[in-house]
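What follows draws every value from the coordinates through simple rules; no lab data is involved. Keep in mind that what you see is a predicted model, and the values were worked out from it rather than measured. Quick reminder, even Gly has a Cβ in these numbers, built from the backbone with ideal geometry, and neighbours come from all protein chains shown.
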Amino acid sequence: MPLLHISASPRDTLSHSRKIGQLMVNRLCAETTLEVTRRDLALTPPPWPDARFTEASLCPAEQRTDQHRRNLEVSESLIAELEASDVLVIDSPMHNFTVPATFKAWIDLVVRPNRTFRGTPAGKVGLLADRPVVLIAASGGPVGDRPPAQTDFLTPYVRYVLATIGLTDLSTIRLDSLLRGPEAVDRSEKAAMAQIDGIAAHIRDRLVRQAVAAKAPAEL
Ligand SMILES: Cc1cc2nc3c(=O)[nH]c(=O)nc-3n(C[C@H](O)[C@H](O)[C@H](O)COP(=O)(O)O)c2cc1C
């Protein structure tokens, strides 16, 4: 089963989100047979949604020219990678209260009308099959309900935008106050690590249920 591991921090070994994301992936791979596909948005940033992409994306599929189709190739390959995955792990820093620009570019390329969601009178409907997603979000300052915590536009935004394309099973791990000294980092990382087992158990149960459901018709 393919696991798509997406990382967005521009930092490498110093990145807290990458560290916890890797621990999450290792934990999932330790108990389930998963092949990991890497999508490193800092190493290989997706292109910005430019005029050619926008025109091709908004053009009805049956009217698209070969040029339109070429302009959608990167988007199509990112969507195919997403569609092929059974589990998604995304680790991301908070940049100015929300996702970094590279992660936003990825979102703009995969959240597409009449491809990954459809507009209806009742609102947008996701077109992808649901699958478990883990989001690890890291921020330098505090996040939470009490002042001086800042407003978190990252996790609610990712939850909303993934639900738009049909991915509603989102578990989140928040790492915060990472620029508040080593004790704060230690506290935040320990709290994050304590969540990994519970999330891994949830995903394992879901994958087992899916495997059983997929086998059932053949056994009837
Ligand atoms: C451009 C930029 C914007 C940032 N904006 C915020 C922010 O709005 N809130 C916050 O708490 N931290 C902010 N930070 C700090 C990072 O979220 C923090 O350093 C985090 O640990 C980065 O994740 P990483 O350790 O995985 O690289 C920002 C950092 C950068 C470089």
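Taking the helices alone, the chain has a mean residue ellipticity at 222 nm of -15000 deg cm²/dmol, built from -39,500 (n - 2.57) per DSSP H run of at least 4 residues and averaged over all its residues. Residues whose amide H comes within less than 5 Å of that of residue 36, counting only those at least five positions distant or on another chain, are 3 (H built at 1.01 Å from N in the peptide plane).
Each peptide in 37-43, 136-142 was scored by the mean count of other Cβ atoms within 10 Å over its residues; highest first, the order is 136-142, 37-43. Remark: 86, 186 ranked as 186, 86, counting other beta-carbon atoms within 10 Å and listing the fewest first. For segment 29-138, the alpha carbon convex hull comes to 145 Å³ per residue, rounded to a whole number.
Each residue of the chain gets 159 Å³ once the volume of the Cα convex hull is shared out per residue.
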